[in-house]
1. Solvent-accessible area per residue for the range 72-190 at a 1.4 Å probe radius, Å²?
2. So what's the chain giving for Rg/Rh, alpha carbon basis, Kirkwood Rh from the mean inverse pair distance?
3. Mind putting a number on the dipole of the chain about its Cα centre? Charges go on the C-beta only, +1 for Lys and Arg and -1 for Asp and Glu, and I need it in Debye to the nearest 20.
4. Provide the net charge surrounding His156, with neighbours chosen by a C-beta distance below 15 Å and charges set as Lys +1, Arg +1, Asp -1, Glu -1.
5. Anything over 28 Å Cα to Cα? Flag those among Lys12/Lys48; Lys124/Lys211; Lys8/Lys141; Lys22/Lys211; Lys22/Lys124, in the order listed.
6. Can you give me the C-alpha center-to-center distance between the range 113-144 and the range 185-207, rounded to a whole angstrom?
7. Considering the chain as a Gaussian network with a 10 Å cut-off on Cα pairs, which listed residue, Glu164, Glu73, Glu33, attains the greatest mean-square fluctuation?
8. Give me the percent of the accessible area of the chain that comes from carbon and sulfur atoms, probe 1.4 Å, all protein chains in place.
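The values are calculated or read from the model by the stated rules, or taken from the named source; none is laboratory data. These figures come from a predicted structure and were not determined experimentally. Backbone-built Cβ (ideal geometry, glycine too); neighbour counts: all protein chains shown. To get the accessible areas, we keep the full protein, side chains included, count just its heavy atoms, and leave off ligands, DNA and RNA. Shrake-Rupley method; radii C 1.70, N 1.55, O 1.52, S 1.80 Å.
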Amino acid sequence: MEERKKIKWSTKRYECPACGSKHAFARMVGESEDCGHCHSCGVTLFPKSDKPRERYYYEEQAPLKPYEVPADEFERLVVAGGFSDTLRTALVARMPAAMKSLRDYRVVSFGLETGFPLIDRGGKVHSIKIMGYGADLHRIKTAPDGQPLPAIRWYHTGKLQERETFVTCAFGEHLIDSVQYDCIGVVESEKTAVIARALLPSILFIAVGSKSNLRTLTYKG
């Protein structure tokens, strides 16, 4: 009978081969680079064999602590970013009613890029999804030199400490208990939620980021 090996995880974090999250994948020491555990999507990739899990064992550890942006740090980002991003400037010029919607969702600026904070019903900021937009309100996918740009950046990238993990929530979830609405609408993109809320104020729109999150998102109530 083959002797079972104890799993040793790397302390550094790498790009996940399954979901592409940066600085989230802990590799299995002594195995190929695509074997390990992702602290973003939760997948564990074992070396290929007939019964890969049975070849290994690991000692149970305390649950990972969910990462959150400290409240004072987030408020400094709100003030420091001002109102500089292209999306908000162009959107308000076209639709002045969007100003209230942007403020309600607490959208922030990172230079010309837009930051959509994921704030849960308890007011905790899980992270900030950062994307670039042009004056036409469409995503910018290439740099001026023609090089492709990353579609999404995350505020928590590179900030996770040992035993910390990123846990997502719905964009706009913090508004469920604080604004008036007749019903809740679920959309994919954060930009859509902001615009739809401005156009249809009787509906509270929350965004899940991608269709796959409808399956994996933990949401109660």
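1. 52
2. 1.04
3. 140
4. Summing Lys/Arg as +1 and Asp/Glu as -1 gives +2.
5. Where the Cα-Cα span goes over 28 Å, the pairs concerned are Lys8/Lys141.
6. 15
7. Ranking Glu164, Glu73, Glu33 by mean-square fluctuation puts Glu73 first.
8. Using a 1.4 Å probe with all protein chains present, the chain comes out at 54 percent carbon and sulfur.
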